[in-house]
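Asker: Quick one: structure below, then a few questions.
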Amino acid sequence: MSDTATVAATVAATEHDVEAARIERHRRFRSNTLPALVTVGPVTLWLIAFIAVPLLFILIMGFCSTDQYYNVVYSFTLDNFQVMLDPEYLKIYGQSILIAAISTAICLVLAYPFSYLISRTFKSKKTLLYMMIIIPFWTNSLVRIYGWRTFLSATGQLNTFLMAIGATSEPIQFLYNQACTVFGMAYDMFPFMVLPLYAAIEKLDESQIEASFDLGANMLTTIFKVVIPQTMSGIFSGCIMVFIPSLGAFYIADILGGGNADVIGNLIQRQFQSANDWPLGAALSILLIAITLLLIKIYQKAGGDMESLGV
């Protein structure tokens, strides 16, 4: 065979290999990549458009300022973060953490035995107990909180009943204080504590509980030495899922607290609405996001399962 024929044969073989490789890539794209793009692509675009872009906008806005007409000036400044160190703001930060912490503790104390009861009850009764948790989600939380304000008001059903039985001669002021705000937070966030606790308690190793009793441990020792350590992931995730939303649930503090028990969410709401100071509102939002990320990081370092947080 001549050199020309050899070269032609080599070129033809190369072209054949290239074409075969192209066909194989196309086949793999259609069988693997294309289905993934079809299924994941819309979700990815949704997350970019409605989560990533708004968060980026908030981040940029937090370092801007406003002019005398409250128009946003897109020039880099740290003034908003200096304003956030105002003593009045620091007081609200502390109050927010206190309200969220107490609400979380109340939810944990009430939800743990309830979750344990659900996990250990007969299957026929589990549906009823589940419905007690799920049904409140069928009604908007704002409507439910307004319902509690009506019930607890001076002319509401509770005061009417107390005066009817002679327990008090005049209406009791249940509303517009920190205790009522904590009550509203705990009521609204209770399901978020129950669900992760139930998931953790369901996985509880019964043999270890039996072994604890066989070795002479009493009920209290078994709970603190065996049950709680095994369900710690549910406790952590439930606390985070209650604590973080409680910092930003401004509508509960407004409706039940009446401005006397503000949380960080109230500060953010006022900056974007009445004060018309979007950069400061964005800076406060960044603070709330930073607290959220910090708590999630602590949870992750403690060995928590991120899937239980929906992450």
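Asker: Only counting other Cβ atoms within 10 Å, I'd like Arg144, Arg270 sorted with the fewest neighbours first.
Answerer: Least to most surrounded, the residues fall as Arg144, Arg270.
Asker: Scan (i) 60; (ii) 40; (iii) 34 for the value of percent of Cα pairs over 28 Å apart calculated from this model and give just the label.
Answerer: Among (i) 60; (ii) 40; (iii) 34, the one derived from this structure is (i).
Asker: I'd like the orientation of helix 34-47 relative to the chain: the angle between its Cα long axis and the longest Cα principal axis, in ° from 0 to 90, rounded to 10.
Answerer: Tilt of helix 34-47: around 40 degrees.
Asker: Rank Pro191, Pro229, Pro279 by mean-square fluctuation in a GNM of the chain with C-alpha springs under 10 angstrom and give only the top-ranked residue.
Answerer: Among Pro191, Pro229, Pro279, the largest GNM mean-square fluctuation belongs to Pro229.
Asker: Can you give the angle from 0 to 90° between the axis of helix 3-28 and the longest principal axis of the chain, with both taken from C-alpha atoms, to the nearest 10?
Answerer: The angle comes out at about 20 degrees.
Asker: While we're here: In what order do Ser103, Ser75, Ser119 fall by count of nearby beta-carbon atoms within 10 Å, going from fewest to most?
Answerer: Ser75, Ser119, Ser103
Asker: Please compute the net charge surrounding Gly62, taking Lys and Arg as +1 and Asp and Glu as -1 over other residues with Cβ under 14 Å from its Cβ.
Answerer: Charge balance in the 14 Å sphere: -2.
Asker: What do you get for the angle between helix 123-134 and the principal long axis of the chain? Use alpha-carbon atoms, 0 to 90 degrees, nearest ten.
Answerer: 80 degrees
Asker: Provide the FRET efficiency to the nearest 0.05 for the Leu110-Glu206 pair, computing r from the beta carbons and using R0 = 30 Å.
Answerer: So the FRET efficiency works out to roughly 0.80.
Asker: Now for a separate question. Suppose every Lys and Arg Cβ carries +1 and every Asp and Glu Cβ carries -1, with no other charges. What dipole size does the chain come out with about its Cα centre, to the nearest 20 debye?
Answerer: 700 debye
Asker: Would you compute, from DSSP H runs of 4+ residues alone, the mean residue ellipticity of the chain at 222 nm, taking -39500 (n - 2.57) per run and dividing by the full residue count, rounded to the nearest 500?
Answerer: Result for the chain, helices only: -22500 deg cm²/dmol.
Asker: Could you give each residue of segment 260-269 its phi-based ³J(HN,Hα) in whole Hz, using Karplus coefficients 6.51, -1.76, 1.60 with θ = phi - 60°, and x for Gly or Pro?
Answerer: Result, rounded to whole Hz: 9, 8, 5, 10, 4, x, 5, 4, 5, 4.
Asker: In what order do Ile240, Ile99, Ile133 fall by count of nearby beta-carbon atoms within 10 Å, going from fewest to most?
Answerer: Listed from fewest to most nearby Cβ atoms, that is Ile133, Ile240, Ile99.
Asker: Just to confirm a number: summing +1 for Lys and Arg and -1 for Asp and Glu over residues other than Thr231 whose beta-carbon lies under 10 angstrom from that of Thr231, what do you get?
Answerer: 0
Asker: Follow-up question, since we're still on this one. Let's see if you can work this out: charge +1 on each Lys and Arg Cβ, -1 on each Asp and Glu Cβ, no other charges. What is the dipole magnitude of segment 199-257 about its Cα centre, in debye to the nearest 20?
Answerer: 200 debye
Asker: Explain nothing, just the number: dipole magnitude of segment 33-192 about its Cα centre with +1 on each Lys and Arg Cβ and -1 on each Asp and Glu Cβ, in debye rounded to the nearest 20.
Answerer: It comes to approximately 980 debye.
Asker: Answer with one residue from Met131, Leu204, Ile99: the one whose Cα lies farthest towards the positive end of the charge dipole of the chain, charges on Cβ with Lys, Arg +1 and Asp, Glu -1.
Answerer: Going by the charge dipole, the pick is Met131.
Asker: Grab the eigenvalues of the alpha-carbon gyration tensor for segment 84-181, scale each by 5, take roots, and send me the semi-axes largest first in whole angstrom.
Answerer: Square roots of five times the eigenvalues give 30, 25, 14 Å.
Asker: Right, something else. Mind checking the full-extension length gain between Thr44 and Ala154? Use 0.36 nm per residue of separation minus the Cα-Cα distance, one decimal, nm.
Answerer: This chain segment gains 34.6 nm when fully extended.
Laboratory data are not the source of any read-out in this text; all were calculated from the coordinates shown. Everything quoted here is computed from the prediction, not taken from an experiment. Backbone-built Cβ (ideal geometry, glycine too); neighbour counts: all protein chains shown.
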